[in-house]
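The values are calculated or read from the model by the stated rules, or taken from the named source; none is laboratory data. Computed from a predicted structure; not experimentally measured. Positions of Cβ are generated from backbone atoms using ideal geometry, with glycine treated the same way; all protein chains shown enter the neighbour counts. Please note that ligands, DNA and RNA were not included when accessible areas were found on the heavy atoms of the full protein model with its side chains. Shrake-Rupley method; radii C 1.70, N 1.55, O 1.52, S 1.80 Å.
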Amino acid sequence: MAGAEACVPGTIGGTQGWILIDANKEDVILKEGFKVERRDYVPISRFEPTVGAKALARWEKNEIAVALEVHGVAEEDIKKEEKDGRVRTYIAVKFLPPANLRTGLVFERSEITNKCPFCGKLHEEGSQYAEWHRMLGKRFFANQTELVAPGCCHGKQAERQERLSNGRTVILYHQTNEWTLGQIEESGKMLRGSEGTVGGAIYFALTPRETQWKTLRRGVMLVCEVQLGNMLKVDVAGVKKPPYKKLTFAHMMNPDSRGENPDLDLAALKLDPVPGDSILLNRGTDWREDRVQFGMPSAPEVVIFSWQQVKLKHAYKASPGDAWAQELGWFPDEIKAAHEKYKAGQMDRAAYENEFLKHTPELKPYQGLDAEAHMQKAEELLQKNFEAWKEARAEVGAVDAASPGYLVIVAAD
């Protein structure tokens, strides 16, 4: 980030918090606004709508709740109070007009199955399940459980939420371009791609530099807080050009569905026969003999299939000279010069690897390891990442560490 300056922080997608309401009251509230009777303020969940879901469950009995996004409120009207170790966030008004509320909908998915991703039940077209399931970006809850498939398998979704809440949260990196950043800023959500080695998902690197050879879109670095839950493992270290697979969120949640279509050949991924929330993908070493990086570690990556597991913390635009933003195949002149000596027999392999890793220190943890051992090393690095994340939260308090949910844009000079 050398040579860059920070812009004024703003909430992701303009969302300042959430209000949890009974799904049956959504249309009326969006039309007439949100009123409070017993308080002099509107309570909101500043960072995570799950907090509001817990409060709503105490006050009202409802089958499905919806999280409405709050936006456009003057920041000085949003208050925070601490009492008995608890933090209360609210807006100092008794009425919030419709102009300050929205559903968070990104778009309605037209081509989507009405099959529950947790049990495989096919719901009828036109059913309440089908209507809700195609609403990408809206957040539904049953009591304190955030739902991916509202109206079916709430128990299994509660188990998923428990895995995510009790599992590791880590800071990971994803490189993209300015156009995609604009889409993310507008919606406040990072959606999965359409294809990839294991399937259409969001692919993350453990360091910014590793994104250089893992992306097709360049110029903007996204720093994300990612919930791993139960992480499955896929090892393609010994495979040249592994064919793209079409693993989906449903395959991750429902192990029995992975063999329903033999043409997909998902058995080749050798997934553990249990529900999974993320994948640690080991690519091993680079196999292209004509490249300077031949035989060097590619570094494993983390794969996520749901935007709900990803919180954007920061984004920064590339400055001149940032190695992570260079084109695929770019390496410093010192590496290129060493490679020429190596090809000419003037430098042995060990010396060349030392020179290569001197200029790509992010890969040094994998030095001397067999390709298959990169998986275990990445596991160790993720665990250290998680411990650092926990310490950071403990230093400032769990709520304050996460509460703004700000996306800080840093622009190059």
Exercise for the section: Please tell me if Val223 is touching a residue at least 12 places away in the same chain (Cβ under 8 Å) and buried (at least 20 other Cβ atoms within 10 Å of the Cβ). Expected result: no
Exercise for the section: Spot the failing condition for Asp256; the list is (1) surrounded by fewer than 20 Cβ atoms within 10 Å (Cβ to Cβ); (2) touching an Asp or Glu at 6+ places or on another chain (Cβ under 6 Å); (3) more than 30 Å from Tyr342 (Cα to Cα); (4) in contact (Cβ under 8 Å) with a residue 60 or more places away in the chain, and only one is missed. Expected result: (2)
Problem - Residue, least open to solvent (accessible area, probe 1.4 Å), within region 99-115, restricted to residues that are over 23 Å from His251 (Cβ atoms) and assigned to a loop (DSSP other than H, G, I, E, B) - result: Gly104
Exercise for the section: Look through Ser165, Ser194 and report the one residue that is of a type in the set (Ser, Thr, Tyr), surrounded by fewer than 18 Cβ atoms within 10 Å (Cβ to Cβ) and in contact with a Ser or Thr (Cβ under 9 Å, 6 or more places away or on another chain). Expected result: Ser165
Problem - Output for region 235-277, where each listed residue is part of a helix (DSSP H, G or I), out of contact with any strand residue (DSSP E or B) (no Cβ under 6 Å at 6 or more places or on another chain) and more than 17 Å from Ile202 (Cβ to Cβ) - result: Pro255, Asp256, Ser257, Arg258, Gly259, Pro262, Asp263, Leu264, Leu266, Ala267, Ala268
Completion exercise
Of those in region 259-271 that are under 17 Å from Val239 (Cα atoms) and in contact (Cβ under 8 Å) with a residue 12 or more places away in the chain, the residue most open to solvent (accessible area, probe 1.4 Å) is Lys270
Problem - Inter-residue pairs, beta-carbon under 6 Å, first modelled with pLDDT of 95 or more and in region 361-382, second polar (S, T, N, Q), 6+ apart - result: Glu362/Thr207; His374/Asn282; Met375/Asn282
Practice task
Filter region 18-54 for residues that are small (Gly, Ala, Ser), modelled with pLDDT under 90 and either exposed (fewer than 15 other Cβ atoms within 10 Å of the Cβ) or not in a helix (DSSP H, G or I) (or both) and give the result.
Solution key: Ser45
Practice task
Please enumerate the residues belonging to region 116-132 that are open to solvent by 20 Å² or more (accessible area, probe 1.4 Å) and closer than 26 Å to Arg102 by Cβ.
Solution key: Gly126, Ser127, Gln128, Glu131, Trp132
Handout entry: Neighbours by Cβ (under 9 Å, 6+ apart or cross-chain): first from region 313-332, modelled with pLDDT of 90 or more and in a loop (DSSP other than H, G, I, E, B); second among the hydroxyl-bearing types (Ser, Thr, Tyr) and open to solvent by less than 50 Å² (accessible area, probe 1.4 Å)
Key = Phe331/Thr360; Pro332/Thr360
Exercise for the section: For region 137-185, please list each of the strands (runs of 3 or more DSSP E) lying entirely inside it that holds at least 1 residues being within 20 Å of Ala67 (Cα to Cα). Expected result: 139-142, 145-147
Exercise for the section: For Met190, state whether it is in contact with a Phe, Trp or Tyr (Cβ under 6 Å, 6 or more places away or on another chain), within 14 Å of His314 (Cα to Cα), of a type in the set (A, V, I, L, M, F, W, C) and part of a loop (DSSP other than H, G, I, E, B). Expected result: yes
Practice task
Kindly check whether there is at least one residue in region 197-208 that is in contact (Cβ under 8 Å) with a residue 24 or more places away in the chain, open to solvent by 10 Å² or more (accessible area, probe 1.4 Å), touching a Ser or Thr at 6+ places or on another chain (Cβ under 6 Å) and aromatic (Phe, Trp, Tyr).
Solution key: no
Exercise for the section: Enumerate the pairs (first residue in region 148-162 and without any contact (Cβ under 8 Å) to a residue 40 or more places away in the chain and at positive phi; second residue anywhere and part of a helix (DSSP H, G or I) and open to solvent by less than 40 Å² (accessible area, probe 1.4 Å)) with beta-carbon separation below 9 Å, excluding pairs fewer than 6 apart on the same chain, so at least 6 apart or on different chains. Expected result: Cys153/Met253
Exercise for the section: Give the residues of region 80-98 that are modelled with pLDDT of 90 or more and either open to solvent by 80 Å² or more (accessible area, probe 1.4 Å) or β-branched (Val, Ile, Thr) (or both), sorted by residue number. Expected result: Ile91, Val93, Lys94, Phe95
Handout entry: Subset of region 358-386 (residues that are open to solvent by less than 70 Å² (accessible area, probe 1.4 Å) and over 15 Å from Ala205 (Cα atoms))
Key = His359, Gln367, Leu369, Ala371, Ala373
